[in-house]
Amino acid sequence: MRLLLLNGPNLNLLGQREPGLYGRQTLEQIEQDLNQRASAAGVQLDCFQSNFEGALVERVHQAMGEVNGILVNAGAYTHTSIALRDALLGVAIPYVELHLSNTHARETFRHHSFLADRAVGVVSGFGPFSYGLAFDGLLNHLRKAAV
Ligand code: DQA
């Protein structure tokens, strides 16, 4: 089993960026924790972060035929990117959308997601723990689908 963790714009600043909202853990720490969870579960995890929409789209294309599932925190592109939605649907890889913050408890422009309606599920509001929850949820879904 191979999964891809995709992080969008400004998530490289985790740890420094609005810590009251997003916590003090860096993206590197989050990726390390998730890698530990992945190796304990016998899963190979690839991690990719970009501030560029096109780079995220291309990374999704690259995943076709290589990964079984995608964990995606698309940051602000969640609320704006039809291109990322089309890429995820185009490669037909099951994905879970995740957010550190509860986007529904924030500004109304964050309430809409271009990814949510086709996701396996959405995890939002648990800080860095959202990544672990999303990982467990996606893995459970894929393992159930495999039997
Ligand atoms: C975010 C929520 C988005 O609305 C925001 O643009 C982000 C981070 C989150 O993880 O809570 O960059 O995806």
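The values are calculated or read from the model by the stated rules, or taken from the named source; none is laboratory data. Fair warning: this is a prediction, and the values are worked out from it, not measured in the lab. Note that we place each Cβ from the backbone using ideal geometry, even for glycine, and neighbour counts take in every protein chain shown. Ligands, DNA and RNA are stripped out before the accessible areas are found, and what is left, the full protein with its side chains, is counted by its heavy atoms. Shrake-Rupley method; radii C 1.70, N 1.55, O 1.52, S 1.80 Å.
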Within segment 32-41, does at least one residue satisfy the condition of being hydroxyl-bearing (Ser, Thr, Tyr) and touching a residue at least 12 places away in the same chain (Cβ under 8 Å)? no
Here, strands (runs of 3 or more DSSP E) confined to segment 54-127 with at least 3 residues that are within 16 Å of the ligand (Cβ to nearest atom) and open to solvent by 10 Å² or more (accessible area, probe 1.4 Å) are 121-124
I'm trying to understand the selection: among the residues of segment 1-53, which are closer than 19 Å to residue 70 by Cβ, part of a helix (DSSP H, G or I) and either in contact with a Phe, Trp or Tyr (Cβ under 8 Å, 6 or more places away or on another chain) or within 12 Å of the ligand (Cβ to nearest atom) (or both)? 11, 12, 27, 30, 33, 34, 37, 38, 53
Within the set of pairs 6 or more residues apart or between chains, which connect a residue that is over 18 Å from residue 44 (Cα atoms) inside segment 126-147 to a residue that is part of a helix (DSSP H, G or I) and polar (S, T, N, Q) with Cβ atoms less than 8 Å apart? 128/29
I need the full set of residues from segment 128-138 which are of a type in the set (A, V, I, L, M) and open to solvent by 50 Å² or more (accessible area, probe 1.4 Å), in order please. 133
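Residue-by-condition table, conditions (1) touching a strand residue (DSSP E or B) at 6+ places or on another chain (Cβ under 6 Å); (2) of a type in the set (D, E, K, R):
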{"site": "117", "(1), (2)": "no, yes"}
{"site": "123", "(1), (2)": "yes, no"}
{"site": "133", "(1), (2)": "yes, no"}
{"site": "137", "(1), (2)": "yes, no"}
{"site": "141", "(1), (2)": "no, no"}
{"site": "146", "(1), (2)": "no, no"}
